[in-house]
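I have placed the structure first, in the form of structure tokens, so that the comments after it can refer back to it.
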Amino acid sequence: MKTNYLRSALLLIAATALTTAANAQKAGKKTAFNSYNNYDTFDGKGRERIQTNWNGKTYQMELVNNKLMALAVDGEIIPSTKWNEYSTAIAAIREQIRKDRVQAKRDQAQAKRDQEQAGRDQQQAKRDQEQAARDQQHAKVEQEQAERDQVEAKRDQEQAAKDQQQAKRDQEQAGRDQEQAKRDQEQASRDQIQAKRDQEQAAEDQRVLKQMISDFVADRIILNEDALHDLSFNGEELIINGKKQPDNVFKKYSEKYPRFAKGNTSYENGKRQFNGLHIHRN
């Protein structure tokens, strides 16, 4: 355990050092920042690296098979003997990541249910059409019987007229059912497309957010990627770690990240709930 912790801690230190060196070589060049969640495997083990901000602090951690291997807070490597002091924040961060994945699966499941309902509506429309055809045939039989039996002709003709009216209503209902089935299919298709777009946009926002964090470090607004505690960004101001940035900084990031600037973008942490990145459109 101690060996794995030291190795992971050294990797965190190396990553921070490399980021600082790379940014120093690119002074003045526009880059970007983002909170970053990455999941991969190594030697058959599930590896999870997380860089994010929580309750005014920046966290960088590494887990293997859901077991914490290394932790840094505000750029400082935390020894394993003190990890329990950060257990609430770590659990909340990972819980929010889990909720985002569950919601994406729910959206996909709903789209599938909509498609299945559209199929059932189509089957019902077909049955209604067949019933309408049977009703029309029955009306014809009644009319023929009325011709053969003049005594009952009037009554049979009236019945035939009623059957024809019912056949017409059944046909109209069948037409409405078909239209509804078509609308249901179109809605299911839109739901699937929207679910895919939401997933793609969430991934893109995470990527751009990580890039923007790197930009903050490059511009010396924060010391390193772990130093970002909270962020508020809209069309009027840019606030980083509770400090409103000068107009030239606000203008630079507004031009480079218009999606974040045009909405009401916030990124913050709480003690028991991971708020993450939020972009609200007016």
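The values are calculated or read from the model by the stated rules, or taken from the named source; none is laboratory data. Remember, it's a predicted structure, so these values are computed and weren't measured experimentally. Because the Cβ atoms are built from the backbone with ideal geometry, glycine has one as well, and the counts that use them run over all protein chains shown.
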Within the set of pairs 6 or more residues apart or between chains, which connect a residue that is among the aliphatic types (A, V, I, L, M) inside the range 175-187 to a residue that is modelled with pLDDT under 95 and part of a helix (DSSP H, G or I) with Cβ atoms less than 6 Å apart?
181/118; 181/121; 181/122; 181/125
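Answer with yes or no whether residue 202 is closer than 30 Å to residue 267 by Cβ, in contact with a helix residue (DSSP H, G or I) (Cβ under 8 Å, 6 or more places away or on another chain) and part of a helix (DSSP H, G or I). Steps first, please.
Numbers: closer than 30 Å to residue 267 by Cβ: yes; in contact with a helix residue (DSSP H, G or I) (Cβ under 8 Å, 6 or more places away or on another chain): yes; part of a helix (DSSP H, G or I): yes.
Yes: the conditions hold for residue 202.
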Residue among 106, 134 that is free of Cβ contacts under 8 Å to residues at least 24 places away in the same chain, assigned to a helix (DSSP H, G or I), in contact with a helix residue (DSSP H, G or I) (Cβ under 9 Å, 6 or more places away or on another chain) and charged (D, E, K, R)
134
Taking the range 50-94 and the residues there that are basic (Lys, Arg) and not in a helix (DSSP H, G or I), the one that is surrounded by the fewest Cβ atoms within 10 Å (Cβ to Cβ) would be 67
What residue, among those in the range 188-204 that are closer than 19 Å to residue 50 by Cα and without any contact (Cβ under 8 Å) to a residue 40 or more places away in the chain, is surrounded by the most Cβ atoms within 10 Å (Cβ to Cβ)?
204
Tally up the residues in the range 205-229 that are in a loop (DSSP other than H, G, I, E, B) and surrounded by 18 or more Cβ atoms within 10 Å (Cβ to Cβ), please.
6
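Is there a residue being of a type outside the set (Lys, Arg), in a helix (DSSP H, G or I), within 30 Å of residue 259 (Cβ to Cβ) and without any contact (Cβ under 8 Å) to a residue 24 or more places away in the chain anywhere in the range 137-157? It would help to see each step written out before you state the result.
Step one: list which residues in the range 137-157 are of a type outside the set (Lys, Arg), which gives 137-139, 141-147, 149-153, 156-157.
With in a helix (DSSP H, G or I) added as a condition, the list becomes 137-139, 141-147, 153, 156-157.
Next, only the ones that are within 30 Å of residue 259 (Cβ to Cβ) stay: none.
Looking for residues that are of a type outside the set (Lys, Arg), in a helix (DSSP H, G or I), within 30 Å of residue 259 (Cβ to Cβ) and without any contact (Cβ under 8 Å) to a residue 24 or more places away in the chain, one finds none in the range 137-157, hence no.
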When (1) exposed (fewer than 12 other Cβ atoms within 10 Å of the Cβ); (2) modelled with pLDDT under 95; (3) closer than 18 Å to residue 58 by Cα are applied to residue 266, the one that fails is (1)
Which number in (1) among the acidic types (Asp, Glu); (2) surrounded by 17 or more Cβ atoms within 10 Å (Cβ to Cβ); (3) under 30 Å from residue 100 (Cβ atoms) marks the one condition that residue 163 misses?
(3)
